[in-house]
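Shown next, in structure tokens, is the structure this report addresses.
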Amino acid sequence: MGLLLMRRRLLAYISTLRVRRVIFVGCTLALSAVLLLVLLVASLPALLSTAPAQSLLRLGISKALKKPVSWSDFQVSWSDGIALTGLVLGDGPPPLLHASLQQLKLEPGLSRDQATRRWCVSVDLKVKKLEAELAPGPPKPPEAKPLKDPLTRIAEGVQKFQSLEWPLPVDLRLSADATPMKIYYADPVSKRELLLSDFSFGLAAPSLSKLPIRSSIAGKVAVDGGKPQPVSLGIEVADLVTASYSIKPSAASLTARADLPGVALSAAGGVTRPEGLKANLALSLPELARLAAPFAKKPLPEPAGKLALDLTARTDRTGDLRVALALDGDRLAVGRLPGRKAGLAPLDLHLRQKLVSNHERQQVSFDEGSLTSPGLITASWHALVDRPTEKSRSVAAQLGSLRLDLGRARQVAAPFLPKNLPLRELQGTASLARLNARLQGPGNDGTIQIEKLAFDLPRLQLALAGGPLQGEGLALSIDKGTVPLKKMKPVRVAADLSWSGRRVDVAGKKPVRIDGMKGGLSLVLTEIDLKGKRALVDARQQLELERVGVGSELALEQLREDLELKARAFTGGALDLALPALQLSARSVQAHQQGKDVTLQPFNARLTAEGVHLPPKGQGTPTVQRATCSLSASDALALEAEAALTGQGRQLAASKGNLRLDLRRLMPVARPFLPAGLDAAGLAAASWDVAAPLPVARLPKEENPLRKAKGSLALLDRAEMALTLNDLDLRLPNAQGTYRVHGLTTAPQLRLALPHPGEPLSVDGGFRFASLDGLSGTAGTLPLQSGTMTLQGELAGWKELRLTEELKVASLGLSQIADVTVGRIDALLEDQGGKFDAATLLKRLDATMFAHLEGNFPAEAKKVLAGWQLAGNVSAGARVDLTAARELRVRGYSKCRDFGVADGKGLAASGVRADLLLDRSYALAQAQGKGEEWVPLSTGLVRPAPVAPLGAANSDLAARIYEDLRGLMGAPRKIGVHRASFKSGAVPIDASALEADLLLEPEALGVSFFQAEVGGGTVRARGLIDLSREVPVLSTYCYFSKLDPVLLFPAAGGQRPGGEGELTGELSLSAPLATEQRALLEGMRLNLNLRRFSSRILDRALFALDPYQRNEKIVAQRKSLQSADLKGLRVSAVDGALDCEGELTVKGIDIAIPRIERLRLSELPIQNELKRLLVSIASSRTLLDLVRSDTLVIDEKGKPSLKRRSNAKN
């Protein structure tokens, strides 16, 4: 035990020796460091006064200020302080360009008050002759926007002002004197300058804890080289330090006075004094603007007027700070605004605000805030800020009883409004019942509520493009609005709006007037993300109009509109829409047109849409899942339609629906919006099913109309449309008058179908009409009544066209049918020029065209064609077969049975029967050069197989006509007339039992047989024209017997001669149809044999040959006829010479009459008659050349003409 105890004591002693040694060493080192520091501080002035130290100091200051720095003398000592002489700052970057200081003296001091035993630190500063030149410095970066609202910042400042307090361990004695000072400021951009001269600054604080602090500034200021104006500022602060030796600004007393150009300030008192702190600030805006102009980055406006600010602040018994602020503006105006020609008109402004700071509850309230401008605005507000210095601070503000005169506001804001603003007249007020704002926490979470924000407009006038708009008694109001906030950003918006109006007039071509308007809107926005641009919208809107008038023609009573809309906006710009309902209704629609009043009641319309997606711009295509529309107006209008728009891949727009119209009731309503003169009555219905790919491709510029049409139809995916008309009366205006159609009805409907790309385009349908009037020309005189028309066609693959058309007009007794089949249309698509003239069509197409016209007239004659009276049955038809570039075949026919015709002026025919047939084929050829050489048109073309003719027509009538046409190919061409009458001069001539056979051949043309009972006798004849010769030759033979000359040759003056006997004989004639007199007369062959003939008739005939009695033989024959009767006469003409012989009976004895031999026809006085005859022959030759042509020739310019390939040689 003893050994252990000794061991422990030994170890403790050794440990104590080590600790003592460590403590001793540490204390020695610390004492050494303190001594070194004291020696360094004591020797610091001496070090700074050395030349090397000052050189280093100059270098460091120059680098920091970026300009050279120098001084003439720099002394530092603990006894004399700091003395600097001849300080110069060289040229450098702005804002301080350069400066100079003659002398600076800083003397510190340390003493101890024997009474209070407190230490006192004194500083004495003296500056002599300071000069500086300044300029605008580089622009500062924009400061971060404060997160706190203005009310919180003010309340926080008030609370901190009351709580500010710093301990004062030692007393301070300060003294500063700077004089004179000169500061020059110039802006090189605006060329504005400001000079502060003869400035002096003084500060005296003998004892910060006992005596007041006094400070003063005095000098002169001059702007842009103007007259210097005095500047003075004096401040005295007392009781800044409390009895407990703490600096407390809220306990101090302030006395201040300032006089500047345009500024006068006076303040006296303290917030803890019974009388409080009172301050007055008076501003003269013109003088203040001139003083501030050199410091402005942009030209300042030219203000006018004065501002006066009165501030009163004091603390009450509980220690709460109460502040009252009054700001008054007297005739505030702006004479000229930068960039504006006009300025702001003078106005007075009065602002009042009281502030109370409750330091116990940590609340600052803003009470009795108001803003008034006589004739312009009145407003009041109050607010409360709770715990402004804490993170959980909250703000509750309310703005209410706001009223703004909009007319006066427009005048004040006129310089800021756009020049093209359509506002012409504005009278009314804007008012706000209440606006509440509540914010809490550092994120400013809260709610904004609006109640009754209203705009009352007794009168409003706008200048719109279509015409001026005038409104009376208009009102717009936000009845209630709520906006919850999260970090000062809205997360939800709910608002209820309402509007009303007594009257709205819109001028224009069709003036519109609205009476009794009211409506509302309920809007809810949720899931709002402003940064991501996302939101969900739910809107409901209503509108009611008592009456809407469009001019004097249209009026709607009690119009109502309801809208429901849902939308979602996505980040990136995408938008989804849904329109559950858009309804429009009116109790009645009234129309007044042409003295008639029409009322439709009720009127209803509804539009819905779902699945509407609008992608961001350039990132897709819009889509519509389904949209529907329904419209009804009494029983006059009914519409049902739906549409869709696909978006993925190939976009397709589709629509289908049906429309029904009662035009008799609807037209008076729609007439103001339709062209003048257009009118309709009756029932109409339409249906459609159309789909087209999107976007619509831009068609290339095409000259070929077929390619252009094909490209246009390729824009449709499918299309099917149908039109149904029922007893429609239609009036269409045109340049010459008006077309009128009565009783137009489809039978059953007109249908156009394009099922899918590549499938045939088809059209079929029919019309019936009761009457058609107003056509121009001869067609306008026709009584077109009870007609029908059918149409059926198909275009297959742009290769073949088949079209059938049928027309019947009961009033004319006419029926017509036409059928066209055109092949090889695709050959026209290859033509780049798109010039579809006759030559191109003949070269490219195969075609079969057929037309048939039939008239079935009643037995009784009636006027149907421009005064002509027709009866019986007549039909005509034609068929044209074109084989491309090779042959054109034309076949025509005509039939009539018991046909009758009369013009009411003496011409009439009855019992007409005819069978006529024409069949011609023309080769197609191309002219080469300027000569008459032709080549077949097909030699330069590849001949495909021709299109098969239409084998079966689309109606029984067409099939029957085709069969009849094939049966007539070899039938004779006969004409028979039971009776005909006409006038020959003043004497009517009747003919009966007329029969004729026509010869219509390429080589011959004429009548192969003719027979008729006429003139009391019989005539039988034939006449042909030989077309095989180069000059056609007319050959005719006629036999006549027992003709009454009285009926054939009326006497002059209309007197009927008597005792002329009868006329019997034969006549044959052969003559070339030459256009020269010599060739005609010498080529003529004439033989006339009269077996029974009156001498008086022959006498007149001879007199016509020799009216001047120059030919002795003719004179002799006429004398012989005076006392004898003619028994026989024979006349012949050969080679231009006329021979005449005959016998007379004189008292029962036959005697030969003087013979005429070799009488030259060219010597007879018939030149005038021959001239007219030659003109007629020349005209007929043109027609005959066309008749005998057998080739259709296309010249170099593409003009077709009929030619004959060869002529027979005589």
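The values are calculated or read from the model by the stated rules, or taken from the named source; none is laboratory data. Quick caveat, the model's predicted, so the values are computed rather than measured. Note: ideal-geometry Cβ built from the backbone for every residue, glycine included; neighbour counts use all protein chains shown.
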Pro705 is checked against (1) farther than 23 Å from Leu584 by Cα; (2) more than 23 Å from the chain's Cα centre (by Cα); (3) surrounded by 15 or more Cβ atoms within 10 Å (Cβ to Cβ) and fails just one. What number does that condition carry?
(3)
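Each row is one residue, and each column tells you yes or no for (1) touching a Gly at 6+ places or on another chain (Cβ under 9 Å); (2) crowded, with 17+ Cβ neighbours inside 10 Å; (3) within 19 Å of Ser771 (Cα to Cα).
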{"residue": "Pro675", "(1), (2), (3)": "no, no, no"}
{"residue": "Asp679", "(1), (2), (3)": "no, yes, yes"}
{"residue": "Ala709", "(1), (2), (3)": "no, no, no"}
{"residue": "Asp717", "(1), (2), (3)": "no, yes, no"}
{"residue": "Ala735", "(1), (2), (3)": "no, no, no"}
{"residue": "Ala753", "(1), (2), (3)": "no, yes, no"}
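Please determine, by comparing only the residues of segment 443-494 that are small (Gly, Ala, Ser) and under 34 Å from the mean Cα position of the chain (by Cα), which one is nearest to Asp538 (Cα to Cα).
Within segment 443-494, the match that is nearest to Asp538 (Cα to Cα) is Ser477.
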For segment 235-260, give me each residue that is under 21 Å from Leu307 (Cβ atoms) and surrounded by fewer than 16 Cβ atoms within 10 Å (Cβ to Cβ).
Ala256, Arg257, Asp259
Could you please tell me which pairs satisfy a Cβ distance under 6 Å, a separation of 6+ or placement on different chains, a first residue in segment 870-881 that is surrounded by fewer than 21 Cβ atoms within 10 Å (Cβ to Cβ), and a second residue that is of a type in the set (S, T, N, Q)?
Asn873/Asn856; Ala876/Ser894; Asp881/Thr848
Return yes or no: is Asp177 over 30 Å from Ser392 (Cβ atoms) and surrounded by fewer than 12 Cβ atoms within 10 Å (Cβ to Cβ)?
no
Which residue, of Gly305, Gly270, Gly234, is on the phi > 0 side of the Ramachandran plot, at pLDDT 85 or above and not hydrophobic (A, V, I, L, M, F, W, C)?
Gly305
For segment 799-832, what are the residues that are among the charged types (D, E, K, R), touching a residue at least 24 places away in the same chain (Cβ under 8 Å) and surrounded by fewer than 17 Cβ atoms within 10 Å (Cβ to Cβ)?
Lys799, Asp826, Asp831
Among the candidates Leu1170, Leu1186, Leu1202, Leu1192, which residue alone is part of a helix (DSSP H, G or I), at pLDDT 70 or above and within 30 Å of Gln926 (Cα to Cα)?
Leu1186
Gly620 passes all but one of (1) surrounded by fewer than 17 Cβ atoms within 10 Å (Cβ to Cβ); (2) modelled with pLDDT of 80 or more; (3) in contact with a Gly (Cβ under 9 Å, 6 or more places away or on another chain); (4) of a type outside the set (S, T, N, Q); which number fails?
(2)
The condition from (1) in contact with a His (Cβ under 8 Å, 6 or more places away or on another chain); (2) assigned to a loop (DSSP other than H, G, I, E, B) that Asp576 misses is numbered (2)
Of the conditions (1) more than 30 Å from Asp149 (Cβ to Cβ); (2) not in a strand (DSSP E or B), Leu457 clears all except one; give me its number.
(2)
Being part of a helix (DSSP H, G or I) and out of contact with any strand residue (DSSP E or B) (no Cβ under 9 Å at 6 or more places or on another chain) is the filter here, so list the residues in segment 61-86 that pass it.
Lys63, Ala64
Strands (runs of 3 or more DSSP E) fully within segment 140-258 counting 3 or more residues that are of a type in the set (A, V, I, L, M), touching a strand residue (DSSP E or B) at 6+ places or on another chain (Cβ under 7 Å) and more than 30 Å from Leu110 (Cβ to Cβ)
192-205, 213-223
Please indicate, with yes or no, whether at least one residue in segment 312-335 is closer than 23 Å to Asp224 by Cα and either modelled with pLDDT of 85 or more or surrounded by 15 or more Cβ atoms within 10 Å (Cβ to Cβ) (or both).
yes
Considering only residues that are surrounded by fewer than 17 Cβ atoms within 10 Å (Cβ to Cβ), out of contact with any Gly (no Cβ under 7 Å at 6 or more places or on another chain) and not hydrophobic (A, V, I, L, M, F, W, C), which ones fall in segment 893-919?
Lys905, Gly906, Asp919
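Enumerate the strands (runs of 3 or more DSSP E) found wholly within segment 719-801, keeping only those where 3 or more residues are among the charged types (D, E, K, R).
Here the list reads 761-773.
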So which strands (runs of 3 or more DSSP E) stay within segment 1027-1109 end to end and still have 2 or more residues that are of a type in the set (Val, Ile, Thr), over 60 Å from the mean Cα position of the chain (by Cα) and modelled with pLDDT of 65 or more?
1033-1043
Considering every residue within segment 703-718, establish whether at least one is in a strand (DSSP E or B) and of a type in the set (S, T, N, Q).
no
Mind listing just one residue for me: the one in segment 566-608 that is under 17 Å from Leu543 (Cα atoms) and charged (D, E, K, R) and, of those, modelled with the lowest pLDDT?
Arg587
For segment 48-55, state whether one or more residues are modelled with pLDDT of 65 or more, touching a strand residue (DSSP E or B) at 6+ places or on another chain (Cβ under 7 Å), β-branched (Val, Ile, Thr) and under 30 Å from Leu130 (Cα atoms).
no
Those residues that are modelled with pLDDT under 80 and in contact with a Pro (Cβ under 8 Å, 6 or more places away or on another chain), I need them from segment 965-1010; list them, please.
Phe982, Ser984, Gly985, Ala986, Val987
Mind listing whichever residues of segment 383-422 are in a strand (DSSP E or B) and in contact (Cβ under 8 Å) with a residue 40 or more places away in the chain?
Ala383, Val385, Ser394, Val395, Ala396, Ala397
Give segment 811-827 a look and list any residue that's touching a helix residue (DSSP H, G or I) at 6+ places or on another chain (Cβ under 7 Å) and more than 30 Å from Gly711 (Cα to Cα), or say none.
Ile817
Scan segment 841-863 and give yes if some residue there is under 30 Å from Leu683 (Cα atoms), among the basic types (Lys, Arg) and either modelled with pLDDT of 75 or more or surrounded by fewer than 17 Cβ atoms within 10 Å (Cβ to Cβ) (or both), otherwise no.
no
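Residue-wise test of (1) in a strand (DSSP E or B); (2) of a type in the set (Gly, Ala, Ser).
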{"residue": "Gly549", "(1), (2)": "yes, yes"}
{"residue": "Pro580", "(1), (2)": "yes, no"}
{"residue": "Ala591", "(1), (2)": "yes, yes"}
{"residue": "Thr599", "(1), (2)": "yes, no"}
{"residue": "Ala609", "(1), (2)": "yes, yes"}
{"residue": "Pro616", "(1), (2)": "no, no"}
What are the residues in segment 386-400 that are within 18 Å of Thr482 (Cβ to Cβ) and in contact with a helix residue (DSSP H, G or I) (Cβ under 7 Å, 6 or more places away or on another chain), if any?
Val395, Ala397
Just to be sure before I move on: is Phe836 more than 23 Å from Val1187 (Cα to Cα), of a type in the set (Phe, Trp, Tyr), modelled with pLDDT under 80 and not in a strand (DSSP E or B) in the structure I sent?
yes
